[in-house]
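Note sheet for the following structure.
The values are calculated or read from the model by the stated rules, or taken from the named source; none is laboratory data. What you see is a predicted model, and the numbers here were worked out from it, not measured in a lab. Here the Cβ positions follow ideal geometry from the backbone for every residue, glycine too, while neighbour counts run over all protein chains shown. Ligands, DNA and RNA are excluded from the accessible area calculation, which covers all protein heavy atoms including side chains. Shrake-Rupley method; radii C 1.70, N 1.55, O 1.52, S 1.80 Å.
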Amino acid sequence: MAQYKYGQYLHQLDHEAYDIRHSPGDTAPNAGIYRCVACGDEIGIAKGHTLPPQNHHQHAPGVGKIEWQLLVYAQQKK
Ligand SMILES: [Zn+2]
């Protein structure tokens, strides 16, 4: 589970970007932390980089398919 110390630097936001499930090998549309819906594994990734494909993250049989969901969006200043 993702952790933090200073909550004042995180902002809760109800945005549809957090509901989209991305397949392994998809391009990350946002920078930040993504969580595997099936096993809870988390990764940090830059915008436009490739979400780990099947052969970078193996599930035990029965865990379910790998799907990455945005957990924390890393907001850059313009
Ligand atoms: Zn997983």
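Which of the following residues is open to solvent by less than 50 Å² (accessible area, probe 1.4 Å) and among the charged types (D, E, K, R): 16, 42, 67? It is 67.
Go through (1) closer than 19 Å to residue 66 by Cβ; (2) surrounded by 12 or more Cβ atoms within 10 Å (Cβ to Cβ); (3) modelled with pLDDT of 95 or more and name the single condition residue 27 misses. It fails just one condition, (2). Selection of first residues in the range 12-24 that are closer than 20 Å to residue 52 by Cβ and of second residues that are open to solvent by 90 Å² or more (accessible area, probe 1.4 Å), restricted to Cβ pairs under 6 Å at least 6 apart or on distinct chains, gives the following pairs, ordered by first then second residue: 24/54. Remark: pairs (first residue in the range 31-58, free of Cβ contacts under 8 Å to residues at least 60 places away in the same chain and aliphatic (A, V, I, L, M); second residue part of a helix (DSSP H, G or I) and near the ligand (Cβ under 9 Å from one of its atoms); Cβ separation under 9 Å; 6+ apart in sequence or on different chains) are absent.
Selection of the range 53-78 for residues being under 23 Å from residue 4 (Cβ atoms) and either under 12 Å from the mean Cα position of the chain (by Cα) or basic (Lys, Arg) (or both) yields 68, 69, 70, 71, 72, 73, 74, 77. Taking the stated definitions as given, is residue 2 surrounded by fewer than 14 Cβ atoms within 10 Å (Cβ to Cβ) and touching a residue at least 60 places away in the same chain (Cβ under 8 Å)? Criteria met by residue 2.
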